[in-house]
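Read the figures in this text as sums done on the coordinates, not as results from a lab. Remember, predicted model here, so these are calculated numbers, not experimental data. When we count neighbours, we look across all protein chains shown, and the Cβ atoms used for this are built from the backbone with ideal geometry, even at glycine.
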Amino acid sequence: MKKYDLLSISPIDGRYSEICHNMTQLFSEYALIKNRVFVEIKWLIFLSDLKEIKSLPKLSNTSKTFLLDIYNKFSIKDAEKIKKLESVTKHDVKAIEYFIKDKIKTHKKLKEYTECVHICCTSEDINNMAYALMIKHGRQLLSSKMNNLNKLINKLVKKYAKNEMISHTHGQVASPTTMGKEFLNFYTRLMNISNNFCKIDIYGKFNGATGNYSSHSITFPNVNWPKATKKFIESFDIKQNKYTTQIEPHDYICQLSNTLTHYNSILIGLSQDIWTYISKHYFIQKNVKGEIGSSTMPHKINPINFENAEGNLGVSNSLLKFFSEKLVISRLQRDLSDSTVLRNIGISFSYSYLAYENMILGLNKISINNKALDQDLSDSWEILAEPIQMIARKYNIPNSYEILKKETRGKKVTKEIVQKIINNLMIPESDKRLLLNLTPKKYIGYAVKMTYDESK
């Protein structure tokens with residue numbers, strides 16, 4: 001770990017910096033500045049290509065390459081220059097404008113374009129597009145990790161399709177299932193939500209100080225600006241939000257935040273269930289050489305990956321929920337309260353990313369303990385009260401439920417007791433044989449079939 005990692009206040013930039021490196025590359029201050037530069041450069045090139053604008057000479061390919069290289073070759077030193085300019089301007093986007101102008105002044109054929117940098121733009125035109133790009137790439141990174149996690153869970157669905165286990169409702173033993181079917185429940189939910197997460201459109205705006213193309217229309221009146229800026233925005237693979245105030249209203253960020261929170265909440269449920277199964281010895285954890293579970297209890301192998309995931313998912317969700325509440329509100333045509341909040345999107349994404357990585361690590365460390373599963377099943381004959389009373393009811397035996405309740409509720413029920421109850425029932429011999437051959441392990445309905453059908 002580097003010295004500056006040890007001095008970081010955020011675990012994302014410190015303790016977990018190695019895991020979250022790819023995410024921090026997308027959402028750092030450097031990344032934000034670089035994306036702003038990219039939008040400014042692309043806007044200048046776009047204006048020069050508009051046929052309706054006669055006052056601007058068309059840029060040569062050489063000039064365009066020079067401009068794009070300001071972005072493509074953008075370095076930490078360049079970012080530092082911009083931050084130095086910002087210390088004077090006290091305005092981050094204006095500092096970027098001055099930086100680009102200084103670059104252009106060094107190119108003979110571009111000098112006449114100097115004052116066209118940032119023309120017809122408000123700062124939020126640049127900012128909202130920069131954030132949209134960051135979020136787009138951040139979502140891609142999250143989606144890739146989601147996909148890996150979903151695939152792993154589906155693998156466990158198939159692996160444990162036939163591993164029968166006792167269920168628990170309200171923490172009490174209930175009708176049996178299979179471990180594969182329980183993973184399937186989570187897999188189908190996670191797949192559905194992650195697919196929705198990927199489908200949400202990301203929006204941008206480029207319509208000026210209060211969203212009316214006022215400076216655009218007065219400066220270059222021959223251009224159809226709603227149509228032109230649509231083309232510009234879509235060149236970034238982002239959809240145009242045509243009707244805004246000064247700011248893009250962040251509704252898509254709210255949608256992304258809510259959907260990501262939903263996915264994360266499901267994953268918290270899975271983390272807690274696996275944690276519980278480990279405590280019940282349904283799963284055995286891999287004994288990793290060198291790892292220590294307790295400073296005083298040498299025997300312990302703690303489910304740390306699932307605990308880490310649960311905690312980090314909670315931190316991520318707390319931020320995401322705040323985004324969905326805060327970012328959709330702005331006083332009148334805008335205030336600046338969204339600006340400082342937007343800077344934390346990368347943190348929420350990083351905590352989710354970190355949690356997914358820990359879930360993957362944890363799931364790869366567990367293996368099924370069939371002995372424990374079988375033992376709990378063999379100790380839970382009372383669960384057959386359900387099928388017995390259902391068949392009794394089929395034959396209209398009075399008070400079927402109440403009879404089984406009296407014999408089984410709150411009692412230790414054995415195989416012998418169950419068979420006695422069955423033999424005392426006035427039902428056809430075929431159904432008696434069916435029930436007498438039934439065991440807790442066999443009472444799993446369509447669990448195996450559903451697992452194989454749905455996990456394909």
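One decimal place: the segment Glu112-Lys321 gains 70.5 nm when fully extended, by the rule 0.36 nm per residue minus the C-alpha distance.
Seen from a random direction on average, the alpha-carbon convex hull of the range 303-456 projects onto 16.6 square nanometres.
On the basis of the beta-carbon distance and an R0 of 22 Å, Tyr395 and Lys415 show a calculated FRET efficiency of 0.45. Could you point to the residue in Phe236, Leu85, Leu327 farthest towards the positive end of the chain's charge dipole, with +1 and -1 charges on the Cβ of Lys/Arg and Asp/Glu respectively? After comparing all options, I get Phe236. Mind checking which lysines have their Cα closer than 17 Å to the Cα of Lys101? Skip sequence neighbours fewer than 8 apart in that chain. Filter leaves Lys34, Lys42, Lys64, Lys73, Lys77, Lys81, Lys83, Lys84, Lys109, Lys111. The region of the chain that goes longest without hitting one of the GluC sites (Glu not before Pro) in a DSSP loop, each with at most 12 other Cβ atoms within 10 Å, is 53-290. Relative contact order of the chain: 17 percent, from C-alpha pairs under 8 Å at least 6 residues apart in sequence.
Legend: distances between Cα atoms for Lys158/Lys199; Lys51/Lys94; Lys162/Lys365; Lys54/Lys108; pairs beyond 23 Å are Lys158/Lys199; Lys51/Lys94. Listed values for the range 92-104 are Karplus-derived 3J(HN,Hα) couplings in whole Hz (6.51 cos²θ - 1.76 cosθ + 1.60, θ = phi - 60°), namely 5, 6, 4, 4, 5, 4, 5, 4, 5, 4, 4, 5, 5, and x replaces Gly and Pro. Taking only the alpha-carbon positions of the chain and ignoring solvent, what does the Debye formula give for the base-10 log of I(q)/I(0) at q = 0.11, 0.13, 0.14 Å⁻¹? At q = 0.11, 0.13, 0.14 Å⁻¹ the computed log10 ratios are -0.93, -1.14, -1.25. Taking a ≥ b ≥ c as the square roots of the eigenvalues of the Cα gyration tensor, an a/c ratio of 1.5 or more together with a/b no larger than b/c marks the range 410-456 as oblate.
Note on the range 381-439: lysine pairs with Cα distance below 22 Å, sequence gap of 8 or more or different chains, count 14.
For the range 381-439, the equivalent ellipsoid derived from the Cα gyration tensor has semi-axes of 16, 14, 8 Å, listed largest first.
Kirkwood radius, the range 10-157, all distinct C-alpha pairs, inverse of mean reciprocal distance: 17.3 Å. When the chain is described by a simple charge dipole with +1 on each Lys and Arg Cβ and -1 on each Asp and Glu Cβ, the residue from Ile119, Tyr446, Ser430 located farthest towards its positive end is Ile119.
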